[in-house]
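Before any comments, here is the structure.
The values are calculated or read from the model by the stated rules, or taken from the named source; none is laboratory data. Since the structure is predicted, the reported quantities are computational estimates derived from the model, not experimental observations. Note: ideal-geometry Cβ built from the backbone for every residue, glycine included; neighbour counts use all protein chains shown. When the accessible area is computed, the model is the full protein with side chains, heavy atoms only, and any ligands, DNA or RNA have been set aside. Shrake-Rupley method; radii C 1.70, N 1.55, O 1.52, S 1.80 Å.
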Amino acid sequence: MAPRKIIIDTDPGQDDAVAILLALASPEHIEVLGITAVAGNVPLTLTERNARIVCELAGRPDMQVFAGCDTPLSRALITAEHVHGKTGLDGPQLPDPVMPLQKGHAVDFIIDTLRNAPAGTVTLCPLGPLTNIATALERAPDIAAKVQEIALMGGAYFEVGNITPAAEFNIYVDPEAADIVFKSGIPITVMPLDVTHGALITAPRVAAFRAMGTQVGRMVAEWTDFFERFDKQKYGSAGAPLHDPCVIAYLIQPDLFSGRHVNVEVETTSPLTLGMTVADWWGVTDRAPNAMFMGDVQADAFFDLLTDRLARL
Ligand code: RIB
Ligand code: CA
């Protein structure tokens, strides 16, 4: 089977970094056409820098990295340095990237790539706020037919919010963009907190990364050592949730995950629940299903896949 062609849209972020590494370590399953950076965990000048750092760590200085939108569609940017640190990749000391940032805008890259692709052949993998994706869809509605699937990390239902009581960060930062994406009619698979909070990097799993004896293993261990303190303190959890790698693992081994095809809508007005993903999990409305909303992950098998693939780099 030919590898799936994807564009990773990302706001690195330690967990985004692990997701990018997993994708680049899996060429038999995934062909990364390009990486588009968006403002989210940290401002755009850092997310695009961090994306290039991760590509170089993966031995892929040839990868096309583009800078995209630096603010949400209609709101001020909210960032998450309290989780990811000032650089967005706090933990290990990392050198500045040498590989170039591509000159074009990320949204133009997304539009041009999709327009030049056969129908239904490119998967979009948003791992941060959906600003770039929504901007591309608004500017070029014709590209929707070229998208095979949008596999995204965002939202929450039973797990409720991590940035407010009701909302998950990626959706909360740009709810209007999320609303556009969820109403696009494109097949969507959602990795919400309901799943990602089951993918915790416990101490034995961090030790497995260190035991690789590689720079990648060491970087991932040091990133998670830093990244885990927020969730351990807030949730008392046994380690950092590996949010974004769940998207890439789904593309490689979809049977690691289970969920339901339900209607998902995004709150864009209420100050109390802004950014909430309202998933009709129990089918109590007549709203048409528009997303595969994942609810569970086989965590041990997920980490077996992750460590096996990262050991390749
Ligand atoms: O809420 C978790 C999400 O927000 C992850 O994608 C993390 O990287 C941040 O972007
Ligand atoms: Ca992210």
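Among the residues of the stretch 81-119, which ones are among the acidic types (D, E) and part of a loop (DSSP other than H, G, I, E, B)?
First, pick out the residues of the stretch 81-119 that are among the acidic types (D, E): 81, 90, 96, 108, 112.
Scanning the stretch 81-119 gives D90, D96.
Considering only residues that are touching a residue at least 12 places away in the same chain (Cβ under 8 Å) and farther than 19 Å from T189 by Cα, look in the stretch 235-262 and name the one that is most open to solvent (accessible area, probe 1.4 Å).
Y235
Hey, among the residues in the stretch 38-69 that are in a loop (DSSP other than H, G, I, E, B) and within 16 Å of ligand 2 (Cβ to nearest atom), which one's most open to solvent (accessible area, probe 1.4 Å)?
Going through the stretch 38-69, the residues in a loop (DSSP other than H, G, I, E, B) turn out to be 38-43, 58-64, 68-69.
Filter again for within 16 Å of ligand 2 (Cβ to nearest atom), leaving 38-43, 68-69.
Values: V38: 1, A39: 4, G40: 0, N41: 9, V42: 0, P43: 49, G68: 8, C69: 20 Å².
Step by step, filter the stretch 38-69, then rank; the result is P43.
Only one of (1) of a type outside the set (K, R); (2) more than 15 Å from ligand 1 (Cβ to nearest atom); (3) at positive phi is not met by V160, so which one is it?
(2)
Pairs under 8 Å by beta carbon, first residue under 18 Å from D231 (Cβ atoms) and within 16 Å of ligand 2 (Cβ to nearest atom) in the stretch 156-175, partner aromatic (F, W, Y) and in a helix (DSSP H, G or I), six or more apart or different chains?
G161/Y172; N162/F169; I163/F169; I163/Y172
Select, from V297, V278, V284, the only residue that is among the β-branched types (V, I, T) and either touching a Leu at 6+ places or on another chain (Cβ under 9 Å) or buried (at least 22 other Cβ atoms within 10 Å of the Cβ) (or both). Before you say what the answer is, go through the steps one by one.
Details: V278 fails: either touching a Leu at 6+ places or on another chain (Cβ under 9 Å) or buried (at least 22 other Cβ atoms within 10 Å of the Cβ) (or both); V284 fails: either touching a Leu at 6+ places or on another chain (Cβ under 9 Å) or buried (at least 22 other Cβ atoms within 10 Å of the Cβ) (or both).
None of the others qualify; the one that does is V297.
For the stretch 141-183, give me the residue count where each residue is acidic (D, E) and closer than 18 Å to W281 by Cβ.
Of the residues in the stretch 141-183, the ones acidic (D, E) are 142, 149, 159, 168, 174, 176, 179.
Checking the rest, the ones that are also closer than 18 Å to W281 by Cβ come to 159, 168.
Of the residues in that region, 2 qualify.
List pairs: first in the stretch 80-104 and on the phi > 0 side of the Ramachandran plot, second part of a loop (DSSP other than H, G, I, E, B), Cβ under 6 Å, 6+ apart or cross-chain?
Pairs that qualify, where the first residue is on the phi > 0 side of the Ramachandran plot and the partner is part of a loop (DSSP other than H, G, I, E, B), are G88/P12; G88/G13; G88/N41; G88/V42.
Filter the stretch 1-37 for residues that are in a loop (DSSP other than H, G, I, E, B) and within 13 Å of ligand 1 (Cβ to nearest atom) and give the result.
Looking only at the stretch 1-37, we keep the residues that are in a loop (DSSP other than H, G, I, E, B), and these are 1-3, 11-13, 25-29.
Listed by number, the residues that qualify are D11, P12, G13.
Output the residue which, of all residues in the stretch 238-274 that are among the hydroxyl-bearing types (S, T, Y), closer than 25 Å to M292 by Cβ and outside any helix (DSSP H, G or I), is nearest to ligand 1 (Cβ to nearest atom). Give the steps one after another, and end with the answer.
Here is the first cut: in the stretch 238-274, the ones among the hydroxyl-bearing types (S, T, Y) are 250, 258, 268-270, 273.
Narrowing further to those that are closer than 25 Å to M292 by Cβ: 250, 258, 268, 273.
Checking the rest, the ones that are also outside any helix (DSSP H, G or I) come to 258, 268, 273.
On the way: S258: 20, T268: 18, T273: 16 Å.
Within the stretch 238-274, the match that is nearest to ligand 1 (Cβ to nearest atom) is T273.
Among residues belonging to the stretch 208-264 that are more than 15 Å from ligand 2 (Cβ to nearest atom) and acidic (D, E), point out the one that is modelled with the lowest pLDDT.
Filtering first and then ranking leaves E228.
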